[in-house]
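The values are calculated or read from the model by the stated rules, or taken from the named source; none is laboratory data. Note that this is a predicted model, so its numbers are computed, not measured. For neighbour counting, all protein chains shown are included, and Cβ atoms are generated from backbone atoms with ideal geometry for every residue, glycine included.
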Amino acid sequence: MSSKHPSDTTPPGPDSAKGGRTAIRAILAVGGGLTLAVLGSLVLEFGLAPSWLTGQKSVPAASPKGAMADLFTPPPESTIPNDEFGASVRRGMAIFTATGTNAHDFVGNNLSCSNCHLDAGRQAFSAPMWAAYPVYPKYRSKNKMVNTMEDRIKGCFTYSMNAQGSPSGGPPPYGSDVYRDLQSYFYWMSKGLPIGETPDGAGFGKIDKPALPPSRERGAQVFAANCAVCHGKDGLGQTDVNGKTVFPPLWGPHSFNWGAGMHKASSAAAFIQHNMPLSEPGKLSAQEAWDVATFLDSHPRPKDPRQTGAITLQEADKKWHKSSEDFYGETVDGVVLGTGYPKPAPAAN
Amino acid sequence: MSKKNKQDPRLPDETFEPYEEPRLIPLPVYWIAIALAIWGVVTLVQTSNAGHFADKERAALGEKTASVASPAASTAAPDTGAGKALFADNCSSCHGDAGEGVADAIPPLHASDVIKAGGASAISQIVMRGIGGPLIVDKANYDGEMPSFSSVLSDTEIAAIADYVATDLNGMNSTVSPDQVAEIRTASEDMDPWDGGAGLASLINGLPPQPASENASAPSPEATATASLASQGTANIWSCASCHGDKGEGTQTVPRLAGLAPAYLAKQLHDFSKGTRISDSMAYVAKSLSETQITELANYYGAMSSPSGAQPALKGDLARGEQLALSGDYSKNVPACFTCHGTSGIGVGAQFPGLAAQQPAYIAHQLAMWAGGARHNSPLGLMAGIGKALSDEDRRAVADYLASLPPAAGNAKTALAVSPTLKETTNVQ
């Protein structure tokens, strides 16, 4: 610019030269102004402007899942086909989200699949069904056999849904439409994932070992501060005015039984740290998650359905509850845990 | 200085700058000035266009709701396709996609003995007035509250839904015309919801046996005094109704109060009084209320049933709003509204207020206040995170969707106990 700028020492020239310079300056000024305006709008358009300048929060920064962006995204509900198969997918989804209604005869508590498998089984790190479907059949040490998806779902009904307390007294029989529709839903959701590979986001994710041994006393404080608002001070959940379960019971007669995976502190702690409180996953530290999971485990719940006939509580404890993190068979606050309830209480009132 | 110069520019004054004349204004200053001018003009044009656009959209929406609201506008015979769509939009979030209900909570509409006895006309009666109290359907006991849809559905829409439920879900040969629904609307003006199965027995011949009514008693004298406080106010307490409306339905950013849980209302009044929820007018009112008055007002509005005073007004995307309310958006860590606030936004317990038929401007405003931190009295700060995760469009979408829902009926069962020993705090400064 200095070359075109009149130098300080040169006196003003004749009028014609002055007019030329003014014209050049005018062109330069307008051209530069336009360029600046275009550049400015481009910067705004591509979101390169700093947020303090625009006063807007950048959208990607607001998303807490930036690091999880490469996880599998199941297809949206709107893509369920409108044919016989799609109808089965929809029925499966309805069973998944309202299990006590749509698989009524086989549910012995107030829970639905979607209480723990969040977002109708789509949420990563809350054991999403798209991460489970591609890795079955597989061998499970829990029942020492190769499990098909149907076997696996049967296990869910037996333990997590406490089928022993259901109207039929057990899980759906093999070949039931309940399995057929649920598997349609899982299969539809897993489209595009490679068979036989466990995708990222499977299960409840990893959780660090706690620095201190988990304590139910500390856990009680964590519970009161973070969980009781929704699950109730007594942990028995909350219903709406119609009696529909809105917040699931964490223990007590209408929760999952002593054979369910969620009763293990390690599973519950991982689930809690990655998913609870809803909308604030990761709020609790690993230590807090372990403490509150331990507190959760130290309450009565329906009995382990494997403890039948002549098997005593002590034998069942040895056989299926060896883990030291387990309160099964112990006496807490004067209550022997694992004995269940005199007779299966009916689900809901 | 300019004045002197103008008087005689040839005579430099004592502030004469020998380098002033050749030093022209640097080009970058022109650039910035011109760029700002361009930006200013473009922004002006854009915003005036947007306002114009918004007005047009609102006008279109107004016309649409007007045509929906007036039963005379559409006399075309309802087809079951429309009925099915209306059922999906208005009924399925509680009664299930196939009308299967919810075990032990919400009665089924599919192959239901009550519907088979009553037909399309009885369905219209129940949709129009709502129903609450003990009821037996298909030998199962229910004791819930279904809201009245009279303020959110037109006669044509109610007729289409009733026909769909009677014919498609129950295989009946029973229909009802919009004109018949209009008669039902006239006859049931201002009537309370049907009183459970006992109430239906007077409507439907051949109804299976029903439980006895649990009808609430007549309002106590205190309730009448509270009603006067709410509607008239006193010398130093503004009347609630002057802002919240005669029927507690709210307007603009003033919320609907009717049917909200008394414990929630009382907590908010305490928070206003303590300053943990900020509003100058509400702080003024709350500080002049005694503990007893707070409890009685909370019970008064909690038990109040009134028609919806809200309708979508923020140009929100209703489909997106429905998605947020029913399924949430877990990619943003936003669970469904109804996961905590109850099916169809009827509210749960003391901590999760009802959202159905709430004023859309109020909801959007509160969500923005949670996001910005101006409101911060939610349990665990849950709403702050959700408010921040929602975009402006999302807030308007969900507010508009909630405004389209039928209001939850008032519920006297959730009333707080009025303790006579509570100390009077009327004179707190």
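Out of all the residues in segment A:228-251, is one or more surrounded by fewer than 18 Cβ atoms within 10 Å (Cβ to Cβ), over 30 Å from B:HIS95 (Cβ atoms), in the same structural domain as A:SER88 (by TED's automatic domain parsing) and modelled with pLDDT of 90 or more? Checked against the condition, which is being surrounded by fewer than 18 Cβ atoms within 10 Å (Cβ to Cβ), over 30 Å from B:HIS95 (Cβ atoms), in the same structural domain as A:SER88 (by TED's automatic domain parsing) and modelled with pLDDT of 90 or more, segment A:228-251 yields no hits at all. Has segment A:65-88 got at least one residue that is closer than 30 Å to A:TRP130 by Cα, facing chain B (nearest Cβ under 8 Å), modelled with pLDDT under 70 and touching a helix residue (DSSP H, G or I) at 6+ places or on another chain (Cβ under 9 Å)? Yes: one or more hits. Screening the candidates B:PRO18, B:PRO12, B:PRO71, B:PRO22 for the property of being surrounded by 11 or more Cβ atoms within 10 Å (Cβ to Cβ), within 14 Å of chain A (Cβ to nearest Cβ) and at pLDDT below 85 yields one hit, B:PRO22.
Condition check: of a type outside the set (A, V, I, L, M, F, W, C) and either within 25 Å of B:ASP400 (Cα to Cα) or in contact (Cβ under 8 Å) with a residue 60 or more places away in the chain (or both). Does B:TYR284 satisfy that? No. When residues in segment B:119-136 are screened for being within 13 Å of another protein chain (Cβ to nearest Cβ) and part of a strand (DSSP E or B), 5 of them pass. B:SER344 meets each of the listed conditions (1) at the interface with chain A (Cβ under 9 Å from one of its Cβ atoms); (2) of a type in the set (Ser, Thr, Tyr); (3) within 17 Å of the chain's Cα centre (by Cα) apart from (1).
Mind listing whichever residues of segment A:319-338 are surrounded by 13 or more Cβ atoms within 10 Å (Cβ to Cβ) and out of contact with any Asp or Glu (no Cβ under 9 Å at 6 or more places or on another chain)?
A:VAL332
Looking across segment A:138-193 at every residue that is without any contact (Cβ under 8 Å) to a residue 60 or more places away in the chain and among the aliphatic types (A, V, I, L, M), the one that is farthest from A:GLY121 (Cα to Cα) is identified as A:MET145. Evaluating B:ALA415 against the criteria (1) within 10 Å of chain A (Cβ to nearest Cβ); (2) surrounded by fewer than 23 Cβ atoms within 10 Å (Cβ to Cβ); (3) of a type in the set (Gly, Ala, Ser) leaves one unmet condition, (1). Taken together, the residues in segment B:322-334 that are touching a residue at least 24 places away in the same chain (Cβ under 8 Å) and either at the interface with chain A (Cβ under 7 Å from one of its Cβ atoms) or touching a Cys at 6+ places or on another chain (Cβ under 9 Å) (or both) amount to 6.
Among the residues of segment B:348-381, the one identified as out of contact with any helix residue (DSSP H, G or I) (no Cβ under 6 Å at 6 or more places or on another chain), in contact (Cβ under 8 Å) with a residue 40 or more places away in the chain and within 9 Å of chain A (Cβ to nearest Cβ) is B:GLY349. You will find that of A:SER166, A:SER160, A:SER176, the residue that is assigned by TED's automatic domain parsing to the domain that holds A:ASN109, within 26 Å of A:LEU284 (Cβ to Cβ) and surrounded by 14 or more Cβ atoms within 10 Å (Cβ to Cβ) is A:SER160 and no other. Within segment A:235-253, being in a loop (DSSP other than H, G, I, E, B), free of Cβ contacts under 8 Å to residues at least 12 places away in the same chain and either away from chain B (no Cβ under 11 Å) or among the hydrophobic types (A, V, I, L, M, F, W, C) (or both) holds for one residue alone: A:VAL241. Filtered by the rule that a residue be buried (at least 23 other Cβ atoms within 10 Å of the Cβ) and either among the small types (Gly, Ala, Ser) or assigned to a loop (DSSP other than H, G, I, E, B) (or both), segment A:254-280 gives A:HIS254, A:SER255, A:PHE256, A:ASN257, A:TRP258, A:GLY259, A:ALA260, A:ALA265, A:ALA268, A:ALA269, A:ALA270, A:SER279.
For segment A:209-225, the set of residues classified as surrounded by 13 or more Cβ atoms within 10 Å (Cβ to Cβ) and not polar (S, T, N, Q) consists of A:PRO210, A:PRO214, A:ARG216, A:ARG218, A:GLY219, A:ALA220, A:VAL222, A:PHE223, A:ALA224, A:ALA225, listed by residue number.
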